[in-house]
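All remarks here apply to the structure that follows.
The values are calculated or read from the model by the stated rules, or taken from the named source; none is laboratory data. Predicted model only: the values in this text are computed from it and were never measured. Glycine gets a Cβ as well: all are built from the backbone with ideal geometry, and neighbour counts include every protein chain shown.
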Amino acid sequence: MPQTNSLDSFELEYYPKVSENLIRKSIKFINEKKEKWQDPFFTDTKSYLNLNEIRKVSSKYLTPEIQNVIILATGGSIQTLFALKHLSKKNIIPIMSARSIELKNCLENTNSQNSIVIPISRSGETLDVNSTIGTFVEHNYPFLGLSSRGRMRELLEEINAPILEVPDLSGRFAASITNVAILPAYISGIEIYNFLEGLKIGYNIFMNTQNNSSLEFASYLYNLHKKGYKIIFSMPYSKNLDGSIGLFVQEISESTGKVGRGLMGAYQEAPLCQHSVLEFLLGGTKGIVIPIIFIVNEEFPDLKLNSSITYLNGKNANKVINYQADATFQALIKQEVPTAKISIQTPDEKNIGILIAFIQSCIYYLCLLLDVNWANNPMVNIGKEICNEALKNEFTFLKMKESRNKLAKEKYKNFFD
C-alpha cells in the first residue's frame, strides 16, 4: 500500500511490509476504539499556549548575561526539551534528581548572576524536583516556576518567584504544546515558532486516521507485538536525535505498557551500538527485539574527513555515518530481523517538530490497537509512595531490606519450581 505521507523531509522505510488488509483492519479498529479513550489533545498546538505571556515573562532572561538555563524536572516535564536541546543558544543544564554529582557540577560552573532556574512539575509533588529547589535558593539563584499546585508551588511562592501554569494533561504528550517545553526553549534561544509549525504540519498528515506513515508504523509494531515482540530498540546515528529518541522510549514504555500488554522502549546511540548490541540483534534470540535506525540526511555541524584511506578521504562525516546505518539496516534484513529506518532531512526545529508529531501519533495509534489508555501511567506511583513513606518515617536501609525480603518471600513463592 503506498504511503500518503507527502513530507519530503521525512521518510519511513521498514521490513517486512504490512499488507493492505492488515492496515485496513488497523484503521477499522482504531476508529472503533477512539471514543473509548481521551481525545488526543496534543494535536492542538495553540490553545494551551499564551505566547504573548511567554514573551513578556521571559524578556528579563533573554539578556547576554543569562547564559545558563537550569531545568529542575524529570520524565515528561523535560524530555521534549531534550529533543530541542541541541538547538539552544544558551547552556541548558538538566537537574533531574538530587544526584550529588550533577548538582555539584552545576553549582561549580554557574552562579546566580548568569543563570535562571526553572523548576517544572504539574503536580508540584515531584520529589526529584522539590528535593533540589532549596539548594539553589540557598545560593540566591533567580527562579521562574512552571507548576499548577502542590508543595513546589508553595516553595516558589515563599520566595516570591514568578509562576506560570501547567495544564492538567499527560506530561509526556503535553510538553511540546504547553509552557513546559516552550517557555524554557524560548528563553534558551530555540526557534519555537518553527518547532510549532513542524508539529502542526506533522499532525495534519499523521493524525488523519487514514493511511499514513505513522498509522502504518503503529500497525507494523502492533502486528509484531502479536507475534511476541516485546522491545523496541532505537539506534540514533545522530547525536542531535538522542533527545527525540528518549521521548520515543518514554512514550512507548509508559503509554503502551499496561494491563499485561505493550512494548518497552530502549536505545543506545549509534554507531556505538554496532559494537555492543548488534551481535545479539543479528545472532541472538530472535522474535523479541525490533531494532529501529534513525538518521539525519544533512547534519549540522558536519565536516569533511581527512584520511589516508582513499575511500574515506574528503567524504563528509555524516555521509560515512549514514553508510554505516544503511549497512546495519541491510544486515538486519539479511538475518530476517524485522527492522525499520526513519530519516529526517535536518535536525532543525521544524523537522524535530515533524519527528515528534510522528512519534506521538504513532504511540497514540499503537495504544488504541492495544486497547490501553494512552494518556495515563497508573503504576509509577507505587515506588514514589514507598519512597515518600520511607523518607518521612526515616526508615533505615536495613529496615527497608527486611521489608523487601518479607515481601519477596510472599510474592515469589515457588517462582523457580
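Structure data summary
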item	result
Filter result for the condition that a residue is out of contact with any Phe, Trp or Tyr (no Cβ under 7 Å at 6 or more places or on another chain), of a type outside the set (Phe, Trp, Tyr) and without any contact (Cβ under 8 Å) to a residue 40 or more places away in the chain, over GLU251, GLU269	GLU269
PRO64 closer than 30 Å to THR209 by Cβ and more than 16 Å from the chain's Cα centre (by Cα)	no
Residue within region 337-345 that is in a helix (DSSP H, G or I), touching a residue at least 60 places away in the same chain (Cβ under 8 Å) and surrounded by 13 or more Cβ atoms within 10 Å (Cβ to Cβ) present	no
Residue list for region 50-61, restricted to those being more than 17 Å from TYR141 (Cβ to Cβ) and either of a type outside the set (A, V, I, L, M, F, W, C) or surrounded by fewer than 18 Cβ atoms within 10 Å (Cβ to Cβ) (or both)	ASN50, LEU51, ASN52, GLU53, ARG55, LYS56, SER59
Pairs where the first residue, in region 358-374, is more than 15 Å from ARG261 (Cα to Cα) and in the same structural domain as GLU216 (by TED's automatic domain parsing) and the second is of a type in the set (A, V, I, L, M) and in a helix (DSSP H, G or I), C-beta under 7 Å, 6+ apart	ILE359/LEU247; CYS362/ALA218
LYS401 touching a residue at least 12 places away in the same chain (Cβ under 8 Å), outside the structural domain of ASN211 (by TED's automatic domain parsing) and not in a loop (DSSP other than H, G, I, E, B)	no
Residue match in region 192-205 (condition: touching a residue at least 24 places away in the same chain (Cβ under 8 Å), in the same structural domain as PHE300 (by TED's automatic domain parsing) and small (Gly, Ala, Ser))	no
Out of ILE309, ILE333, sole residue that is over 26 Å from the mean Cα position of the chain (by Cα) and assigned to a loop (DSSP other than H, G, I, E, B)	ILE309
Which numbered condition GLY314 misses (of (1) touching a residue at least 60 places away in the same chain (Cβ under 8 Å); (2) outside any helix (DSSP H, G or I))	(1)
Residue that is within 18 Å of the chain's Cα centre (by Cα) and basic (Lys, Arg), where the choices are LYS406, LYS350	LYS350
Members of region 220-263 found to be out of contact with any Leu (no Cβ under 6 Å at 6 or more places or on another chain) and hydroxyl-bearing (Ser, Thr, Tyr), listed by number	TYR220, TYR229, SER234, TYR237, SER238, SER253, SER255
Residue within region 291-298 that is at pLDDT 95 or above, among the aromatic types (Phe, Trp, Tyr), at negative phi and under 24 Å from the mean Cα position of the chain (by Cα) present	yes
Odd one out for ASN211, checked against (1) assigned by TED's automatic domain parsing to the domain that holds GLU336; (2) modelled with pLDDT of 95 or more	(2)
Single residue of CYS367, CYS387 found to be within 20 Å of the chain's Cα centre (by Cα) and surrounded by 10 or more Cβ atoms within 10 Å (Cβ to Cβ)	CYS367
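Rundown of residues vs (1) in the same structural domain as LEU62 (by TED's automatic domain parsing); (2) under 30 Å from PHE300 (Cβ atoms); (3) not charged (D, E, K, R), yes/no style:
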| residue | (1), (2), (3) |
| --- | --- |
| PRO94 | yes, yes, yes |
| ARG122 | yes, no, no |
| VAL129 | yes, no, yes |
| GLU158 | yes, no, no |
